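Contents: one structure, followed by commentary.
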Amino acid sequence: MHLEYKVQGGNFSKAGHASGEIKKVLKQLNVNPMVIKRIVVALYEAEVNIVAHAYEGDIIVDIDDSKVHVVLNDSGPGIPSIERAMEKGYSTASPLVREMGFGAGMGLPNIKKNTDELNIKSVVGVGTTVDFINYL
Amino acid sequence: MEKQSPSSIFHAIYVDEDRCIGCTRCMKICSTAAIRICNGTAMISNSRCIDCGECMKACNSNAIHISQGDLQSIFKYKYRVALIPAVLFGQFKLDVTHDDLHRALLSLGFTSVYEEELSAEFQIDAIRRFQQESDIKPVISSFCPAIVRLIQVKFPTLTENLVLVKSLIDITGLTILKEAANKGIDPSDVGIFYITPCAAKICAVVSPVGDEKSPITGFLNMDMMFDRLSIELQKIKGTVDPDFKRKTSLTRTEVKWSLTGGEIKHAFGRKLSIDGIANVIEFLNKVDDEAIDDIDFLELRACDQGCAGGILTQGNRFLTVEKLMMRANKKAVNKRHGPYYSDITYDEIKVPTVNPRPIEGLDKDISVAIKKMEQKQEIYKMLPQLDCGCCGCPTCEAFSEDVVKSLKPLSSCMFIQVAFNSKNDKGKEIIKKIWGDSKIVEELKNKLENDN
Ligand SMILES: Nc1ncnc2c1ncn2[C@@H]1O[C@H](COP(=O)(O)OP(=O)(O)OP(=O)(O)O)[C@@H](O)[C@H]1O
Ligand code: SF4
Ligand SMILES: [Mg+2]
């Protein structure tokens, strides 16, 4: 099963839309509630990262009977050092983004914690791809 | 008592098929999509209903009823206890005193009267322990049985967040039985009858969640009891009973407990109280997406203004709150510290677990569920997405799901019918005029014919 969503940078009021939709789908597929929780948390954080740090992006979700595969592609500034970005507490969030309650630097560590396989690729000045798999 | 398999879930709400006209009001308001219209009447799904009573509030035909307790049944017992929630006081004028109400209950045939909230201190203790002993956030109050059931069916992962403690009704019931036992009374001679403000609490009495059995014998509906008590109060008005001495009294905390905000100040940390089922669902959706993880405690009530808005209460909920506040703030209010009855331990009031009962799965087998999900999305795209309800389902989404589950034929949708019936050009014209071309696509018809 294949699903696609668009994400607009800076649109915080819509952040969480895709993860909410995916949650509904996974509930209907009878996926274990604890597995749903992990996927939704990871997707939510990755979605907010596009909204907070990039210009725009797509979310592509593929579900089969053994796994959920999520790819988030964005065009944006990219991440110069993925290793540093993965550190707990590291954040370049703007004062405005912090004002909105984001920017604790916990998003990527949370994604790592809640996924079975995680792959991040980024080109500075072009964009970022976050690719993760959770097994059912 | 009930085990939690869907077929045996007890419900206090049912439809009177003779009165129901199938108007769809209840179906559209139901927050768990538990209602469908079949053969012209509403049908409530056993596994989805949470007994919140919203359907009854929405019904204009008086066709949704709540199980009735029978006042005569109390006379089967030698000791007849009336267990009353504090909101019962809020139903009467302020000049009806606590004594008056107890006397009226005694004159109806009860031998003693206790208030449900007398065990509120135990709940405070249980909430605080639960908060301290786990790192769960937010901890969710288990006071309102409709909310507990909502979480079981719609937010299964959040069942972990519910405070694992017996209801106030059950704790007070236990203390009553202990007190009787101490006096050498045989418990089978004691009948405890709860005067309920809502359907959800009937379910809590008949089949407590995650618990074996309730110490409560039966229930009596507050609307019926309001009428009976009003007559008794009229009779005793201006009279004195020299032998009468009231045994119980409530503290300020206990009087306010069931109202919105009543519980919250006793919990630790950052906390919110939310009332009204739609508000609760909105917030729990956010919690479920983990967009909110820095709130420590949630006090949730299905009814606006908490139990003052219960479906079986007579008074206007805002006036009930005002009257209860007046009573709570009276100088003469009881200053007792600690619970009314102290000989009960935390272990006796703990509940082992609350089981999730998720309702949303399309199939047990995930590959079948994926197939059905894809079909469902295909069907949904064909539908007009007006949520008109004419098919007997609350939304076009629910309809596409019912079609996939073979519960409804696709032809139940008026728009699909019009598109199919090429002779019905007049019908098509009307629909086009109201909703535009896009709702009847020729392409759709072809597609359907190919699919079949
Ligand atoms: N899609 C992205 N595009 C560009 N930079 C990103 C993207 N995602 C993450 N980053 C960079 O990585 C840093 C760390 O991300 P992380 O999600 O861990 O924290 P945060 O978004 O700053 O704060 P929080 O997620 O706790 O609200 C970000 O501050 C940002 O510099
Ligand atoms: S808020 Fe009170 S009256 Fe309303 S459903 Fe919950 S327990 Fe019953
Ligand atoms: Mg982030």
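In the range B:71-349, taking the dipole from charged Cβ atoms about the Cα centre, the farthest positive-side position among B:Ile192, B:Leu150, B:Leu174 is held by B:Ile192. Each Lys and Arg adds +1 at its Cβ and each Asp and Glu adds -1 at its Cβ; summed about the Cα centre, the range B:6-66 shows a dipole of about 220 debye.
With a simple spin-label model that places each label point 7 Å from the Cα along the Cα-to-Cβ direction, the separation between B:Ser8 and B:Thr239 comes to 4.7 nm. With 20 Å as the limit on Cα-Cα distance, the pairs of A:Lys27/A:Lys88; A:Lys23/B:Lys286; B:Lys28/B:Lys57; B:Lys93/B:Lys247; B:Lys78/B:Lys166 that go past it are A:Lys27/A:Lys88; B:Lys93/B:Lys247; B:Lys78/B:Lys166.
Rounded to the nearest 20 debye, the dipole size of the range B:380-425 about its Cα centre is 140 debye, using +1 on the Cβ of Lys and Arg and -1 on the Cβ of Asp and Glu. Note on A:Glu4 and B:Ala278: their simple-model spin labels are 3.5 nm apart, each label 7 Å out from Cα toward Cβ.
Contact order, relative form, for chain B: 19 percent (alpha carbon pairs under 8 Å, 6 or more residues apart, mean separation divided by residue count). Ordering B:Leu298, B:Cys391, B:Ala328 by the projection of their Cα atoms onto the charge dipole of chain B, which places +1 on the Cβ of Lys and Arg and -1 on the Cβ of Asp and Glu, puts B:Ala328 at the extreme positive end.
Taking Cβ atoms as reference points and 15 Å as the exclusive limit, the residues near A:Tyr55 contribute a net charge of -2, counting Lys and Arg as +1 and Asp and Glu as -1. Projecting the Cα atoms of B:Cys52, B:Asn62, B:Ile29 onto the dipole axis of the range B:6-66, where Lys and Arg carry +1 and Asp and Glu carry -1 at the beta carbon, places B:Ile29 farthest toward the positive end.
Shown is the FRET efficiency for A:Lys113 and B:Lys330, computed with R0 = 56 Å from the Cβ-Cβ distance and rounded to the nearest 0.05: 0.55. R0 = 60 Å: FRET efficiency of B:Arg129 with B:Asn421, Cβ-based, nearest 0.05? Given R0 = 60 Å and the Cβ-Cβ separation, E is 0.40. Think of each Lys and Arg Cβ as +1 and each Asp and Glu Cβ as -1; about the Cα centre, that makes the dipole of the protein assembly as shown roughly 1460 debye.
As a proxy for reagent exposure, ranking A:Glu99, B:Glu360 by other Cβ atoms within 10 Å from fewest up yields A:Glu99, B:Glu360.
For B:Glu115, nonlocal amide neighbours, meaning residues 5 or more places apart or on other chains whose placed amide H falls under 5 Å from its own, are B:Ile84.
Full extension of the chain segment joining A:Lys24 with A:Asp65 gains 13.1 nm, where the gain is 0.36 nm per residue of separation less the Cα-Cα distance.
Using a simple spin-label model with points 7 Å from Cα along the Cα→Cβ vector, what separation in nm is obtained for B:Phe318 and A:Arg84? Placing both labels 7 Å beyond Cα along the Cβ direction yields 5.8 nm. Computing FRET efficiency as 1/(1 + (r/R0)^6) for B:Arg246 and B:Asp304, where r is the C-beta to C-beta distance and R0 is 22 Å, gives about 0.10. For B:Ser47, neighbours were defined as the other residues whose beta-carbon sits under 12 Å from its Cβ, and their charges (Lys and Arg +1, Asp and Glu -1) total +3.
Kindly put A:Arg98, B:Arg149, A:Arg38 in sequence by how many other C-beta atoms sit within 10 Å of each C-beta, fewest to most.
Numbers: A:Arg98 13, B:Arg149 25, A:Arg38 19.
Going from least to most buried by this count: A:Arg98, A:Arg38, B:Arg149.
Subtracting the Cα-Cα distance of B:Asp95 and B:Thr253 from 0.36 nm times their residue separation leaves 54.7 nm of extension gain. Computed over chain A with a Gaussian network model linking Cα atoms closer than 10 Å, the most mobile of A:Ala15, A:Ala46, A:Ala85 is A:Ala85.
Calculated mean residue ellipticity at 222 nm for chain B: -11000 deg cm²/dmol, from DSSP H runs with n ≥ 4 weighted as -39500 (n - 2.57), summed, divided by the residue count and rounded to 500. Phi-derived couplings, Karplus 6.51 cos²θ - 1.76 cosθ + 1.60 at θ = phi - 60°, listed residue by residue for the range B:166-174: 4, 6, 4, 4, 5, 5, 5, x, 4 Hz, with x used for Gly and Pro. Here the 3J(HN,Hα) profile of the range B:110-125, calculated from phi with Karplus coefficients 6.51, -1.76 and 1.60 at θ = phi - 60°, is 6, 9, 7, 10, 10, 9, 3, 6, 4, 9, 4, 4, 5, 5, 4, 4 Hz, Gly and Pro shown as x. A simple rule links phi to the HN-Hα coupling: the Karplus curve 6.51 cos²θ - 1.76 cosθ + 1.60 with θ = phi - 60°, which for the range B:225-231 gives 5, 4, 5, 5, 5, 4, 5 Hz, with x for Gly and Pro. Residue order for B:Cys388, B:Cys396, fewest other beta carbons within 10 angstrom first, comes to B:Cys388, B:Cys396.
The residues packed around B:Cys391, meaning those with a beta-carbon under 13 Å from its beta-carbon, carry a net charge of -1 if Lys and Arg are +1 and Asp and Glu are -1.
FYI, it's all coordinate maths here, none of it is from the lab. What you are looking at is a predicted structure, and each value in this text was computed from that prediction instead of being measured. Here the Cβ is made from the backbone with ideal geometry for all residues, glycine too, and neighbour counts use every protein chain on show.
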